[in-house]
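The values are calculated or read from the model by the stated rules, or taken from the named source; none is laboratory data. Keep in mind that this is a model prediction, so the values were computed, not measured. Note: ideal-geometry Cβ built from the backbone for every residue, glycine included; neighbour counts use all protein chains shown.
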């Protein structure tokens with residue numbers, strides 16, 4: 001690691017975690033069965049530096065910490081290995097300190113931003129100590145979650161992307177929960193993102209934007225073949241879908257303040273993991 005950058009000593013994990021706030025509308029995920037000082041994070045991947053491929057942080061140089069587990073089963077999920085059992089052998093239960101040490105071993109002094117990914121990271125109360133540790137080290141953080149679970153550590157994340165799932169996913173959004181999460185979070189650090197595959201998804205996206213007009217809103221063209229290994233063929237498909245979504249958005253009178261994005265990492269590296 002370069003001598004030009006030093007990090008603060010890793011603090012001891014907190015002896016107690018703050019209780020969840022008012023959970024009348026949104027319940028936190030069940031507490032880890034271990035004590036907070038011993039709680040671990042189910043980590044599938046730590047990689048980077050790379051560029052963020054989606055949403056409000058697209059193009060941002062970052063490290064990734066991918067966790068296991070999701071409460072959704074989206075039909076087109078590009079990271080189904082986080083919940084379908086196929087990645088079970090890769091899961092490592094790591095403490096916050098162990099995650100930090102691996103981030104530094106992997107990224108050296110070449111990063112100042114970490115993305116918590118999944119699955120759904122908001123299932124994990126045990127991410128709280130890691131978020132605090134990263135903040136203590138001067139590292140900015142981002143997370144994407146569908147907005148189905150609340151965790152108190154979300155208020156300490158710099159960039160929270162809420163991504164309610166459209167009809168093509170086969171999932172259904174609980175808007176009462178999403179309303180409450182949007183209300184709790186710092187409005188300067190959140191955005192909404194909807195992945196669009198078809199006209200029904202586009203109509204859903206319009207309704208989401210109408211419901212939260214003050215929240216920065218991103219449309220993303222869907223990747224219809226997450227198993228395709230031919231990168232050139234995939235790029236053509238992604239760009240055609242992106243052009244289709246751009247055309248729809250340009251013709252809409254109620255999406256004047258949105259941003260329309262491709263899935264940048266898929267354009268660059270195809271469907272590869274760990275990039």
* Structure fact -> Across region 86-97, the tally of residues that are crowded, with 17+ Cβ neighbours inside 10 Å and either touching a residue at least 60 places away in the same chain (Cβ under 8 Å) or in a helix (DSSP H, G or I) (or both) stands at 2
* How many of the residues making up region 174-196 are at pLDDT 95 or above and assigned to a loop (DSSP other than H, G, I, E, B)? -> 2
* From 76, 83, residue being surrounded by 18 or more Cβ atoms within 10 Å (Cβ to Cβ), over 18 Å from residue 39 (Cβ atoms) and modelled with pLDDT under 95 -> 83
* Matching residues in region 207-236 - criterion: being buried (at least 18 other Cβ atoms within 10 Å of the Cβ) and either in a helix (DSSP H, G or I) or touching a residue at least 60 places away in the same chain (Cβ under 8 Å) (or both) -> 208, 209, 218, 220, 222, 223, 234
* Asked: Can you name every residue in region 125-159 that is part of a loop (DSSP other than H, G, I, E, B), closer than 21 Å to residue 191 by Cα and touching a residue at least 40 places away in the same chain (Cβ under 8 Å)?
  -> 146, 148, 149, 151, 157
* Asked: For residue 70, are the conditions met, namely being in a loop (DSSP other than H, G, I, E, B), under 18 Å from the mean Cα position of the chain (by Cα), crowded, with 21+ Cβ neighbours inside 10 Å and in contact (Cβ under 8 Å) with a residue 40 or more places away in the chain?
  -> yes
